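Taking it in order: structure first as structure tokens, then the write-up.
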Amino acid sequence: MGQKVTLERIEEVPAESRVCHYDELDEPAKATLPALANDGTVTVDGAAAADFRDCDLVKYTDYYAISVQ
């Protein structure tokens, strides 16, 4: 069963945020990020969801707030 991941572009990075950079992500999460950046929400498998859970923000082309549900 997949989990819903939402990505939202942000302007400012709060100091207490856990930021993951694209190149630090595992392959399943890296493969998902372009679709997230385009669509904002996708359903992912457990491996990608676990990688995204370690982050509050992801630095890709911009900074994005990420949530896993």
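Taken over segment 31-69, residues that are more than 17 Å from residue 9 (Cα to Cα) and free of Cβ contacts under 8 Å to residues at least 12 places away in the same chain amount to 1.
To keep it simple, each residue is scored yes or no on (1) surrounded by 12 or more Cβ atoms within 10 Å (Cβ to Cβ); (2) outside any loop (DSSP other than H, G, I, E, B); (3) of a type outside the set (D, E, K, R).
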site	(1), (2), (3)
7	yes, yes, yes
13	yes, no, yes
23	no, yes, no
30	yes, yes, no
37	yes, yes, yes
47	yes, yes, yes
58	yes, yes, yes
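Quick one: which residue in 8, 16 is at pLDDT 90 or above and in contact with a strand residue (DSSP E or B) (Cβ under 8 Å, 6 or more places away or on another chain)?
Values: 16 fails: in contact with a strand residue (DSSP E or B) (Cβ under 8 Å, 6 or more places away or on another chain).
Exactly one of 8, 16 is at pLDDT 90 or above and in contact with a strand residue (DSSP E or B) (Cβ under 8 Å, 6 or more places away or on another chain), namely 8.
The values are calculated or read from the model by the stated rules, or taken from the named source; none is laboratory data. Here the structure is a predicted model, which means the values were calculated and not measured. Positions of Cβ are backbone-derived with ideal geometry, glycine not excepted, and every protein chain shown enters the neighbour counts.
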